[in-house]
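Participant: One structure is given below, represented as C-alpha cells, and several questions about it will come after.
The values are calculated or read from the model by the stated rules, or taken from the named source; none is laboratory data. None of these values were measured; they are calculated from a predicted model. A quick note on method: Cβ atoms are made from the backbone with ideal geometry, for glycine too, and the neighbour counts reach across all protein chains shown.
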Amino acid sequence: MIPEGWLDQPIGDIANVVAGGTPTAGNPDNFAAPGSEVAWLTPADLSKYKSKFISHGARDLTQEGYNSSSAKLMPKGSLLFSSRAPIGYVVIAANPICTNQGFKNFVFTEQVDSTYAFYYLKSIRDLAESLGSGTTFKELSGATAKTIPFRLAPLAEQKVIADKLDELLVQVESTKARLDAIPAILKSFRQSVLAAAVSGKLTEEWREGMQLPANNNDALRNKIYNAWLEARNAEFDRKGKQPKTQTWLTKFSEPQFIKSASLSWISLSLENIAEVVDPNPSHRMPKYVTDGIPFISSENIQTINKLDFNKGKKITNEELVKQKTRYEITDGTFAFTRIGTIGKSVLLPSPHEYGISHAMAVVTPYKTIIDSSFLILTMNCTTILKQATDGIQSVGVPDLGIGKMKGFKIPVPTLVEQTEIVRRVEELFALADKVEAQVNAAQLRVNNLTQSILAKAFRGELTADWRAANPELISGENSAEALLKRIKAEREALSVKKKPAKKAKA
C-alpha cells in the first residue's frame, strides 16, 4: 500500500535510461589516471563503496578512449545503477561522468530529488536482481530496466523523505560501525585474559589469599620440580630409556626457575611436560574418499577446543589404522596446528575414530605436571604464538617444525593453581562468548534495519505526520499527478550531454 496521491510508474516514463560503454581494454592509450580526464565508472568501483555521491572510478578514460567507445557522459545528479556483476549498486554522479556497459543509468528531470531516487533504487535492489536474466551471470537489459517501477511522491515530500533517510541511515551506519568493532575488542580481551593467566596476574590475589607459609616460593618451586622429575622418570620407564643416556638427558634439560618474588612457577620446555608427535611423519597425503573416516585439519577447528567434524575431507579406515600405530589419544590429548595456519588448538575427543593431518602436532601432556586445559590455554597466548612464528622455517607456506615446537618455553605453576587459572579463564571467556552472541544478534538486526527503514519510507510511513500537517504541499499543483505531467513535458527538453566531436587527424 502507498499513500493516497502517490504514483507507481515505469522508471522509463520518468527518466532517460542510458547504457554505458568500454573502449578497447588492451589499448593503454584509452585510459588515464583517476580524476585527470573523462570520469568513468565500473561496477567494481562500487564494491564496498559507502558514499552517496561519486566523482570518478579507479581509472578515467582519455578523450581518445571516450571517443572510441559507446560511453556517454551523464550529467551531474544522474543515478548510476549497476546492471550486472552485480545488479543493484547505485550512486549519484557528483559531476559529469560516464560508465561502462555494466550500468543502466537514470537521468531524471529536476522534478525528482536525486537523493530520494537514490534511496528508492537501494530499496528495490532485490526486485531489480529478480528481473535480471542470463546463464553465466545475471544482467538487467535496457528494455527491462525501463520497466522497473518507480514510486513517485510529491516533490516537497520527496525532499522530506530524503532528509529523514539521511538522518536515520547515518545513525544506522554509526551503530553498525560500533557493533562491527566489538569482535576485535573481544579478541583483544581474550588475549589479555590469556596473557594475565600465563603471567600469574590473573591469580595474583588468589595466591595471596592462600596464606602460603613464609619462603613458600622455594618450597612450591621444589614441589613443581619434584613433580617434573617424577614425570620425567616415568617417561624414561615408559620409553624403556635410562637417565644416564646422554642423548636422552639432553632432551630433559633442567627446568628454569622464573625470577619473580611473587611467583612460585618454573619454566619448562614443551617436550619436558608433554609428548609431541607428528601424526604422519612421511607427510604423504592420504587417499581421500567421499564416504569415509573424518580427517581433521585446521579448517575443522572453529575456536579453542571447538571441533567441527562436518568440514574437511574423509580417509579410509586403513589409513586410520596406520595412524593409530604412530600415536595414542588419551584424556587430555590435543592437536596444535603447525603448517599453514599456525597456533590453533583443539582437544581431541575419544574414541579415536578420525585421522589427523600432518599439518598438526598431537600433544599429550604428562598429567602429574601439567593440566591439559591449562596447557591449551597457554599454547594459545601471544607469548607462545610468538615463539611459534619465530620458529617458522619456510618462506612460502608457514611451517613450524616439530623440533622447534618441542622447545617452546612453558610457564608451569602448581597443579592447584593451574586448575584455578583454567576456571577463571573459562568464566571470563564465557562472558565474552555471551557478549559475542548478543553482538551477532544485534548485527543481524542492524543489517536488516536499513532495508526496513527504506521500506517504511516508500510506504509513506516516515512522513505520515508531515502529510497531515501540510496538505497543501501534496495536492493540486503540488500533487504527484501534477508532478508527473510536468516531468513528461520536461523530458522533451532533457538531453544527455553529447560527446565532443572527434578531433580531426592532422
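Participant: Looking at segment 460-484, which of its residues are surrounded by 16 or more Cβ atoms within 10 Å (Cβ to Cβ), out of contact with any helix residue (DSSP H, G or I) (no Cβ under 6 Å at 6 or more places or on another chain) and closer than 26 Å to Asp126 by Cβ?
Facilitator: Gly460, Ala480, Leu484
Participant: Which residue, of Ser282, Ser298, is under 23 Å from Gln393 (Cβ atoms), modelled with pLDDT under 80 and in the same structural domain as Ile384 (by TED's automatic domain parsing)?
Facilitator: Working: Ser298 fails: modelled with pLDDT under 80.
Ser282 is the lone residue from the list that is under 23 Å from Gln393 (Cβ atoms), modelled with pLDDT under 80 and in the same structural domain as Ile384 (by TED's automatic domain parsing).
Participant: Just to be sure before I move on: is Ile87 farther than 16 Å from Asn16 by Cα and either touching a residue at least 24 places away in the same chain (Cβ under 8 Å) or buried (at least 16 other Cβ atoms within 10 Å of the Cβ) (or both) in the structure I sent?
Facilitator: Working: farther than 16 Å from Asn16 by Cα: yes; either touching a residue at least 24 places away in the same chain (Cβ under 8 Å) or buried (at least 16 other Cβ atoms within 10 Å of the Cβ) (or both): yes.
The answer is yes for Ile87.
Participant: Next question. So, in segment 207-217, how many residues would count as being at pLDDT 65 or above and more than 19 Å from Ile370 (Cα to Cα)? First the steps, then the outcome.
Facilitator: First, pick out the residues of segment 207-217 that are at pLDDT 65 or above: 207-210.
After this cut, where a residue has to be more than 19 Å from Ile370 (Cα to Cα) as well, the list is 208-210.
The total comes to 3.
Participant: Here's a follow-up. Out of all the residues in segment 301-322, which are surrounded by 14 or more Cβ atoms within 10 Å (Cβ to Cβ), at pLDDT 85 or above and among the polar types (S, T, N, Q)?
Facilitator: Across segment 301-322, the qualifying residue is only Thr316.
Participant: Which condition from (1) within 27 Å of the chain's Cα centre (by Cα); (2) assigned to a strand (DSSP E or B); (3) touching a residue at least 60 places away in the same chain (Cβ under 8 Å) is the one that Lys50 breaks?
Facilitator: (2)
Okay, residues lined up against (1) farther than 24 Å from Asp291 by Cβ; (2) part of a loop (DSSP other than H, G, I, E, B):
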{"site": "Lys322", "(1), (2)": "no, no"}
{"site": "Ile329", "(1), (2)": "no, yes"}
{"site": "Phe336", "(1), (2)": "yes, no"}
{"site": "Pro349", "(1), (2)": "no, yes"}
{"site": "Glu353", "(1), (2)": "no, yes"}
{"site": "Thr364", "(1), (2)": "yes, no"}
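Participant: Still on this structure, please answer the following. Output the residues belonging to segment 298-348 that are closer than 17 Å to Met379 by Cα and of a type in the set (Ser, Thr, Tyr).
Facilitator: Listed by number, the residues that qualify are Ser298, Thr303, Thr333, Thr337, Thr341, Ser345.
Participant: Given the conditions (1) in contact with a strand residue (DSSP E or B) (Cβ under 8 Å, 6 or more places away or on another chain); (2) closer than 21 Å to Lys367 by Cα; (3) modelled with pLDDT of 85 or more, and given that Asp331 satisfies all but one, which numbered condition is not satisfied?
Facilitator: So Asp331 meets the others, but not (1).
Participant: Oh, and also: Take the residues of segment 440-459 that are closer than 19 Å to Pro149 by Cβ and among the basic types (Lys, Arg): which is surrounded by the fewest Cβ atoms within 10 Å (Cβ to Cβ)? Lay out the reasoning, then the answer.
Facilitator: Quick first cut of segment 440-459, residues closer than 19 Å to Pro149 by Cβ only: 451, 454-459.
Filter once more, so that each one left must be among the basic types (Lys, Arg): 456, 459.
Values: Lys456: 17, Arg459: 15.
Among residues in segment 440-459 that are closer than 19 Å to Pro149 by Cβ and among the basic types (Lys, Arg), the one surrounded by the fewest Cβ atoms within 10 Å (Cβ to Cβ) is Arg459.
Participant: How many of the residues making up segment 432-471 are assigned to a helix (DSSP H, G or I) and among the aromatic types (Phe, Trp, Tyr)?
Facilitator: From segment 432-471, those assigned to a helix (DSSP H, G or I) are 432-457, 461-469, 471; that's our starting set.
From what is left, the residues that are among the aromatic types (Phe, Trp, Tyr) are 466.
Total meeting the criteria: 1.
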